[in-house]
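In what follows, a single structure is set out as structure tokens and then discussed.
The values are calculated or read from the model by the stated rules, or taken from the named source; none is laboratory data. Because the structure is predicted, anything quoted here is derived from the model rather than measured. As a convention, Cβ positions derive from the backbone with ideal geometry for all residues, glycine included, and neighbour counts pool all protein chains shown.
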Amino acid sequence: MKNMRYLILLSILLLNSSYGLTNTLKIVDLGMIDSLWVINYNNDNTMSLVNLYTHDAMVFPPSSEILEGPIAITNYLNNLREAGFNEYSISNVDTQVRESTAYTTALWEAIRIGVDGNKIKLDGNITNVLERQNDGNWKIKLQSWN
């Protein structure tokens, strides 16, 4: 009987540890979204950048427009680059995972080269709602910048 209690306790501990590890791995994977976004944007790889979004994603940039779908998002990102925004960084603040949906908040910073050649720093916050895809990858479903 003593061995049975020990086995039950050990099973419960292993299940809890496994759940914690699985949840941590999900959060680590999600943290890579910000890194991939920055790497692709800073390397002018718009196609790979747009692949981080779902096919029906919506983006709410700091302006009043609402972007829907890959064409609108691609055009917006290309216009940012043309406007002189050539260097972004994103620092994750918080990530919450609820089954196949995740919510992330982060701080962003962008460097814009002015017409006079001087660097202008802009910053703000970003909120993402991500959706786990059938293949297990996470993609941005909704994104809001301000």
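Values for this structure:
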{"read-out": "Single unsatisfied condition, PRO70 versus (1) in a helix (DSSP H, G or I); (2) within 17 Å of the chain's Cα centre (by Cα); (3) under 15 Å from VAL38 (Cα atoms)", "value": "(3)"}
{"read-out": "Residue among ASN86, ASN79, ASN75 that alone is in a helix (DSSP H, G or I), over 20 Å from LYS139 (Cβ atoms) and not aromatic (Phe, Trp, Tyr)", "value": "ASN79"}
{"read-out": "Of residues in region 90-120 being of a type outside the set (A, V, I, L, M), touching a Lys or Arg at 6+ places or on another chain (Cβ under 8 Å) and under 16 Å from LEU80 (Cα atoms), the one modelled with the highest pLDDT", "value": "GLU109"}
{"read-out": "Residue in region 129-141 that is surrounded by the most Cβ atoms within 10 Å (Cβ to Cβ), counting only those that are in contact with a Leu (Cβ under 7 Å, 6 or more places away or on another chain) and over 10 Å from SER100 (Cα atoms)", "value": "ILE140"}
